[in-house]
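The structure under discussion appears below in the form of structure tokens.
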Amino acid sequence: MNAHSEIKPQTAIKSLTVDIGDLRAALAWVNKVRERHVMIPILSQNLFRVENGILTIVATDLDREASESLLVEASENWSFVANGQRILKVTTGLSGTVTLEHDVANERVSLIAEGMTLAMNNMFPPEDWPRFAKHEQLGEIEVGEAVLHEALKLVAPCISTEETRYYLNGVYWTSHNGVSRLVTTDGHRLARLDLEAPEPPHNVIYPRKSISPLSAMLTANGNQVAKVSYMGRKADGAALVLGVEIGERKLFSKLIDGTYPDYTRVVPPEDRENKIDIVVPRSAAQRLRLMAGGDATGCKISPEKGTMTVSTADRDASLSVNFAPAGKPAPEIGFNINYLAQTTAKLGDIRVRGLSGSDPALVTCEAHTNLIMVLMPMRV
């Protein structure tokens, strides 16, 4: 043994063992905020942080940060960055436990499971992981998991995708009579839902791209409580980030900085005298959309006759379906058949009320009495 071999440092191997099902579930969820095509390479990776037998996996796109914590058997506390998406792929169909070994000296991370080994070069030090600014705590509320899940499902279809009016690209979370209210609109339709939750400390616009990972945190019949935190600058009271925590999962999202329009101006009063008052069956709306073929085809509704008619895009055929006629004179009105079909798919049979064929129509349903929608008519 020569002098050089005697002073050569030994390779430090740090390891952890975790249930493979838990690992896959955590990676699948946090990576909902991971961008597929990024200009900053480290954003395509995941941060793995081990502290006192708890593994926290983190993903971020700089506008959102998702993390989940798991119980593990670990040799010590440390952090490393690895490609979580690759780990998901190679562990497909495996069960039991998986061991992750970090060869610090050679900058290599190895995954060992069921006689299989995946070796990955450790390209990024954990010190380079981007820090997501969460700011100061400005207040918080608690919402039932199932309540929030249903609310997002009902209002999300009306979120605008038009980038020029960026302030419509999210859910407006405000208050009304001491409780939470969610509002979404794309200029053609509007959804307003009163949530069974306390009044929020700030009015915020929660971005559309954060709805998918937030919905994935929730289950329809879940009985957990979602802790919603408002963070920003105490100096001016501006809320900049909304954090949601359910169990071991945390999601932080930057908010849309803008002023939401006065939605109350377009919502017709429920107690007004309407010339149009009809019930649109779900089955009729779905059948007519199939006829239209998915194009933005207008559906002509004749309340007095009790008919709904839609034509194909090339106008070479038309289909009419019948519903209960109004039994009194009422003006005809037209709607985008795709909007009618999407609305009835979520709500079932809907009641449509309006003054004329050119005024906004009020849409309600018996299944969700806390939800009101507004549909703008179209010429047909």
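The values are calculated or read from the model by the stated rules, or taken from the named source; none is laboratory data. What you are looking at is a predicted structure, and each value in this text was computed from that prediction instead of being measured. Positions of Cβ are generated from backbone atoms using ideal geometry, with glycine treated the same way; all protein chains shown enter the neighbour counts. In case anyone asks, the SASA skips ligands and DNA or RNA and just uses the protein heavy atoms, side chains included. Shrake-Rupley method; radii C 1.70, N 1.55, O 1.52, S 1.80 Å.
Give the residue that is farthest from Leu190 (Cα to Cα), with candidates limited to residues of the range 252-279 that are surrounded by fewer than 13 Cβ atoms within 10 Å (Cβ to Cβ) and under 25 Å from the mean Cα position of the chain (by Cα).
Out of the qualifying residues, it is Asp257.
Can you find a residue that is closer than 30 Å to Ser253 by Cβ, in contact with a Ser or Thr (Cβ under 9 Å, 6 or more places away or on another chain) and open to solvent by 20 Å² or more (accessible area, probe 1.4 Å) anywhere in the range 89-111?
no
Does Leu288 meet the test of being of a type in the set (A, V, I, L, M, F, W, C) and in contact with a Lys or Arg (Cβ under 8 Å, 6 or more places away or on another chain)?
On the way: of a type in the set (A, V, I, L, M, F, W, C): yes; in contact with a Lys or Arg (Cβ under 8 Å, 6 or more places away or on another chain): no.
In short, no.
Regarding Arg49, is this residue at pLDDT below 95 and closer than 22 Å to Glu127 by Cβ? Even if it seems obvious, please write down each step before you answer.
On the way: at pLDDT below 95: no; closer than 22 Å to Glu127 by Cβ: yes.
Here the answer is no, as Arg49 does not meet what is asked.
Among the polar types (S, T, N, Q) and open to solvent by 30 Å² or more (accessible area, probe 1.4 Å): is that true of Asn338 in this structure? Step through it out loud before you land on a result.
Working: among the polar types (S, T, N, Q): yes; open to solvent by 30 Å² or more (accessible area, probe 1.4 Å): no.
For Asn338, the condition - among the polar types (S, T, N, Q) and open to solvent by 30 Å² or more (accessible area, probe 1.4 Å) - is not met.
Of all residues in the range 50-64, which are touching a residue at least 40 places away in the same chain (Cβ under 8 Å) and open to solvent by less than 20 Å² (accessible area, probe 1.4 Å)?
Once the filter is applied, which keeps residues that are touching a residue at least 40 places away in the same chain (Cβ under 8 Å) and open to solvent by less than 20 Å² (accessible area, probe 1.4 Å), the range 50-64 yields Val58, Thr60, Arg64.
If I filter the range 303-331 down to residues being closer than 17 Å to Arg379 by Cβ, modelled with pLDDT of 90 or more and aliphatic (A, V, I, L, M), which single residue comes out as surrounded by the fewest Cβ atoms within 10 Å (Cβ to Cβ)?
Restricting to residues being closer than 17 Å to Arg379 by Cβ, modelled with pLDDT of 90 or more and aliphatic (A, V, I, L, M), the top hit is Met308.
For the condition of a type in the set (Asp, Glu), exposed (fewer than 15 other Cβ atoms within 10 Å of the Cβ), on the phi < 0 side of the Ramachandran plot and at pLDDT 90 or above, what is the one hit in Glu127, Glu150, Glu140, Glu145?
Working: Glu150 fails: exposed (fewer than 15 other Cβ atoms within 10 Å of the Cβ); Glu140 fails: exposed (fewer than 15 other Cβ atoms within 10 Å of the Cβ); Glu145 fails: exposed (fewer than 15 other Cβ atoms within 10 Å of the Cβ).
Going through Glu127, Glu150, Glu140, Glu145 in turn, the sole match is Glu127.
Filter the range 161-200 down to the residues that are polar (S, T, N, Q) and surrounded by fewer than 14 Cβ atoms within 10 Å (Cβ to Cβ), then identify the one that is nearest to Tyr339 (Cα to Cα). If you could, list the steps in order and put the result at the bottom.
Of all residues in the range 161-200, those polar (S, T, N, Q) come to 161, 164, 169, 174-175, 177, 180, 184-185.
So of that shortlist, the ones also surrounded by fewer than 14 Cβ atoms within 10 Å (Cβ to Cβ) come out as 161, 164, 177.
On the way: Thr161: 15, Thr164: 22, Asn177: 30 Å.
Looking at the filtered set, the residue picked out is Thr161.
What is the residue count in the range 305-342 for residues that are in contact (Cβ under 8 Å) with a residue 60 or more places away in the chain, farther than 13 Å from Val279 by Cα and assigned to a helix (DSSP H, G or I)?
Residues in the range 305-342 being in contact (Cβ under 8 Å) with a residue 60 or more places away in the chain, farther than 13 Å from Val279 by Cα and assigned to a helix (DSSP H, G or I): 2 in total.
I need the strands (runs of 3 or more DSSP E) fully contained in the range 35-149, keeping only those with at least 1 residues that are basic (Lys, Arg) and closer than 30 Å to Asn221 by Cα. Write out each step before concluding.
Details: elements: 46-51, 54-60, 64-71, 78-82, 97-103, 108-113, 116-121, 136-144.
Once the strands (runs of 3 or more DSSP E) in the range 35-149 are filtered for at least 1 residues that are basic (Lys, Arg) and closer than 30 Å to Asn221 by Cα, what remains is 64-71.
Could you check the range 280-294 and list, in sequence order, the residues that are open to solvent by less than 80 Å² (accessible area, probe 1.4 Å) and either polar (S, T, N, Q) or touching a residue at least 24 places away in the same chain (Cβ under 8 Å) (or both)? First the steps, then the outcome.
In the first step, residues of the range 280-294 are kept if they are open to solvent by less than 80 Å² (accessible area, probe 1.4 Å); the result is 280-281, 284-286, 288-289, 291-294.
Within the range 280-294, Val280, Pro281, Ala284, Ala285, Gln286, Leu288, Arg289, Met291, Ala292, Gly294 qualify.
Out of the residues in the range 34-49 that are out of contact with any strand residue (DSSP E or B) (no Cβ under 6 Å at 6 or more places or on another chain) and in contact (Cβ under 8 Å) with a residue 40 or more places away in the chain, state the one that is surrounded by the fewest Cβ atoms within 10 Å (Cβ to Cβ).
Within the range 34-49, the first condition is being out of contact with any strand residue (DSSP E or B) (no Cβ under 6 Å at 6 or more places or on another chain), and the residues that meet it are 35-44.
Still in the running and in contact (Cβ under 8 Å) with a residue 40 or more places away in the chain: 40-44.
On the way: Ile40: 11, Pro41: 9, Ile42: 16, Leu43: 17, Ser44: 18.
Ranking the qualifying residues of the range 34-49, first place goes to Pro41.
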